[in-house]
Amino acid sequence: MADSIQAKLDNYRTAPFDSRFPNQNQTRNCWQNYLDFHRCEKAMAAKGADATCCQWYRRVYKSLCPISWVNAWDERREEGTFPGKI
Amino acid sequence: MAHQTHAYHMVDPSPWPLTGATAALLLTSGLAMWFHYNSTTLMALGLLTTLMTMMQWWRDIVRESTFQGHHTMPVQKGLRYGMILFITSEVFFFIGFFWAFYHSSLAPTPELGGNWPPTGIHPLNPFEVPLLNTAVLLASGVTITWAHHSLMAANRNQSIQALTITVTLGLYFTALQAMEYYEAPFTIADGVYGSTFFVATGFHGLHVIIGSTFLIVCLLRLIKFHFTTAHHFGFEAAAWYGHFVDVVWLFLYISIYWWG
């Protein structure tokens, strides 16, 4: 399983079509993957497991999200004022 | 042709439309002065002239109808259409605020945390005072129907009692809401939640106050024998308005208090 994730990561070009977000407005797609990455990291750290599989979400949100949003959200997580549930 | 040969009411010349228009101008410019230059003089003047216009115009209508007999059947029919159209326009007014609420709450943005209620907002428990408020308004609907039937049955004591209870319930609602507003853990400035909540419930509360005022005037007129068992359109109009206000509250309660 870890191999195929590594393979997927190696072959990554850009975010693939996600049928959960079929329309033009991809805000939610960016938001969801940002959340999923950080939730994945947190969960893996809590279990003491390998967080490599979380990299997929990171790649997707890096492809989709405006950099200013990511910076603003990272700052807020730092300050403890991030409104999303991680 | 010394007298009118039709059943309609050709109203005598009256200054109130002009004073009303002036009042509207004073109110709107007064609002602008208050918002931008921190002065309330113009607005106070606007409120005063609006109040005086309303009181004198409606007093004239009571004089023309109850005391001078100008409100024949066709005239009354026109007034019914008018009241229905007015209430319909108010329905659309509220539809706008419900639209705003659903626009923001059905697809909550990342700034809110992607959820509704937004992160950090603690909504009021719908099963506490809001539920009492629902019961109060529903009860007022019952009592005003009781008052209406008593009026039509020429039962003076019961109609006065029932209308008094209706008014009391309306005032009770206003008092409860005022207390809720004071005690609420969030304000109108708290993001889109605060905005949608207070603008929608705020305009509703204003309409409750308007409705209660209308009903108080009806109560006074009822006590002074203005109404007959078959002709009491002012009372019916107040009852329609009261029911409308109650229905708006039910939608508010279900959408904002409960689902929201």
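Condition check for B:ASP60 on (1) in contact (Cβ under 8 Å) with a residue 40 or more places away in the chain; (2) not in a helix (DSSP H, G or I): one failure, at (2). Within region A:45-86, being farther than 25 Å from A:ARG13 by Cβ and of a type in the set (A, V, I, L, M, F, W, C) holds for A:ALA45, A:ALA46, A:ALA49, A:ALA72, A:PHE82, A:ILE86. Taking the numbered list (1) under 30 Å from B:ILE121 (Cα atoms); (2) among the small types (Gly, Ala, Ser); (3) not in a loop (DSSP other than H, G, I, E, B) in turn, A:GLY84 passes all entries but (3).
Kindly indicate whether A:GLU78 is more than 13 Å from chain B (Cβ to nearest Cβ), in a helix (DSSP H, G or I) and either closer than 23 Å to B:THR109 by Cβ or without any contact (Cβ under 8 Å) to a residue 12 or more places away in the chain (or both). Yes, satisfied. Between A:TRP31, A:TRP56, the distinction of being in contact with a Lys or Arg (Cβ under 7 Å, 6 or more places away or on another chain) and of a type outside the set (Val, Ile, Thr) belongs to A:TRP56 only. Evaluating B:ALA100 against the criteria (1) surrounded by fewer than 18 Cβ atoms within 10 Å (Cβ to Cβ); (2) within 20 Å of the chain's Cα centre (by Cα) leaves one unmet condition, (2). Please work out if B:LEU124 is in contact (Cβ under 8 Å) with a residue 40 or more places away in the chain, surrounded by 15 or more Cβ atoms within 10 Å (Cβ to Cβ) and more than 20 Å from B:PHE186 (Cα to Cα). Here the answer is no, as B:LEU124 does not meet what is asked.
Within region A:34-49, the set of residues being within 21 Å of B:LEU112 (Cβ to Cβ), buried (at least 17 other Cβ atoms within 10 Å of the Cβ) and either more than 12 Å from chain B (Cβ to nearest Cβ) or of a type in the set (D, E, K, R) (or both) comprises A:ASP36, A:PHE37, A:HIS38. Answer with yes or no whether B:THR88 is within 14 Å of chain A (Cβ to nearest Cβ) and among the polar types (S, T, N, Q). Judged against the criteria, B:THR88 is not a match.
Taking (1) more than 13 Å from every other protein chain (Cβ to nearest Cβ); (2) modelled with pLDDT of 95 or more; (3) within 12 Å of the chain's Cα centre (by Cα) in turn, A:CYS53 satisfies each apart from (2).
Among all residues of region B:105-126, there is at least one that is touching a helix residue (DSSP H, G or I) at 6+ places or on another chain (Cβ under 9 Å), in a helix (DSSP H, G or I), more than 14 Å from every other protein chain (Cβ to nearest Cβ) and not basic (Lys, Arg). Of all the numbered requirements in (1) under 30 Å from B:HIS231 (Cβ atoms); (2) crowded, with 17+ Cβ neighbours inside 10 Å; (3) of a type outside the set (Ser, Thr, Tyr), B:PHE67 misses one, and that requirement is (2). Of note, B:THR164 does not satisfy the criterion of being away from chain A (no Cβ under 14 Å), of a type outside the set (Lys, Arg) and surrounded by 19 or more Cβ atoms within 10 Å (Cβ to Cβ).
Residues in region B:49-64 that are under 21 Å from the mean Cα position of the chain (by Cα) and loosely packed, with under 13 Cβ neighbours inside 10 Å: B:LEU51, B:MET55, B:ARG59.
The values are calculated or read from the model by the stated rules, or taken from the named source; none is laboratory data. Predicted model only: the values in this text are computed from it and were never measured. Positions of Cβ are generated from backbone atoms using ideal geometry, with glycine treated the same way; all protein chains shown enter the neighbour counts.
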